[in-house]
Amino acid sequence: MPKCAFFFWLAIKNRLLTKDKMRLFEMQVDPRCVLCNGGLESSHHLFSNCPFFAALRAESPVQFNADWDLCRTGAFFIGNTSRIKKRIGGLFIAVAIYHTWKERNFRIHNVGKHNSPSRVLLRVKEMVRERLFSCNSFKRMAANHPGIIPLLY
Ligand SMILES: [Zn+2]
């Protein structure tokens, strides 16, 4: 999914135009995170400390690191993870980042409106399933790991 891969890449490279960066450019913005109103918005906050993203991460089919700085080094997964789980987990992270950034922008441009983390999570899981189930190589891998499908729901 090119749009998710693109935002994932921006996040990994710390290139998302978060409010901490906007303030460095002397843009007048409220520094608070619109997803939780409890922290100062930065990539590190969004993907390590923000309760909104933590709610998505907690429902990931594959356990991944809560420390965004570790994730940025490529250490996404906790413990030994099989190839198929890495594939699912990598896709989940990319889609979760995309939807977190999309929700962040939605809230900034539609003051007073929001989607709950559980609603966004449904979209994330739906998008992950659509992508995986349209991929023949995943179907072949899943045939050898029947326990993997329930993780996607
Ligand atoms: Zn936050």
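The values are calculated or read from the model by the stated rules, or taken from the named source; none is laboratory data. This is a predicted model, so every value here is computed, not measured. Reconstructed Cβ throughout: ideal geometry from the backbone, glycine too, with neighbour counts over all protein chains shown. The protein model used for the area step is the full one, side chains on, heavy atoms only, and it has no ligands, DNA or RNA in it. Shrake-Rupley method; radii C 1.70, N 1.55, O 1.52, S 1.80 Å.
Report the relative contact order of the chain, percent, no decimals, based on alpha-carbon pairs under 8 angstrom and at least 6 residues apart.
21 percent
Roughly how tilted is helix 2-12, in degrees to the nearest 10 and between 0 and 90, from the longest Cα axis of the chain?
60 degrees
Given the C-alpha centroids of region 78-104 and region 1-57, what is the distance between them in whole angstrom?
When both Cα centres are located, 16 Å separates them.
Projected onto the charge dipole of region 1-111 (+1 at Lys/Arg Cβ, -1 at Asp/Glu Cβ, origin at the Cα centre), which of Cys50, Met1, Gly39 gives the Cα projection farthest towards the positive end?
Met1
Enter the accessible area per residue of the chain (Å², integer; probe 1.4 Å; all protein chains in place).
The answer is 56 Å² per residue.
Please state the charge dipole magnitude for the chain, taken about the Cα centre, from unit charges on C-beta atoms (+1 on K and R, -1 on D and E), reported in debye and rounded to the nearest 20.
Dipole of the chain, to the nearest 20 debye: 500 debye.
³J(HN,Hα) across region 39-47 via Karplus (A = 6.51, B = -1.76, C = 1.60, θ = phi - 60°), whole Hz, x for Gly/Pro?
Couplings: x, 8, 6, 8, 4, 4, 4, 4, 9 Hz.
For region 37-153, what class follows from the C-alpha gyration tensor (a ≥ b ≥ c being the square roots of its eigenvalues): rounded when a/c is under 1.5, otherwise prolate if a/b is larger than b/c, else oblate?
Oblate shape, in that a/c is at least 1.5 and b/c is the bigger or equal ratio.
Only loop residues by DSSP count here, and only those with at most 12 other Cβ atoms within 10 Å; note down the chymotrypsin sites (Phe, Trp or Tyr not before Pro) in region 1-41 that meet that.
Passing both the DSSP loop test and the Cβ count: Phe25.
What angle, in degrees between 0 and 90 and rounded to the nearest 10, separates the Cα long axis of helix 83-109 from the longest principal axis of the Cα atoms of the chain?
Rounded to the nearest ten degrees, it is 30.
Would you mind checking the pairs Lys19/Lys86; Lys13/Lys139; Lys21/Lys125; Lys21/Lys102; Lys19/Lys85 and listing those with alpha carbons more than 27 angstrom apart?
Exceeds cut-off: Lys19/Lys86; Lys13/Lys139; Lys21/Lys125; Lys19/Lys85.
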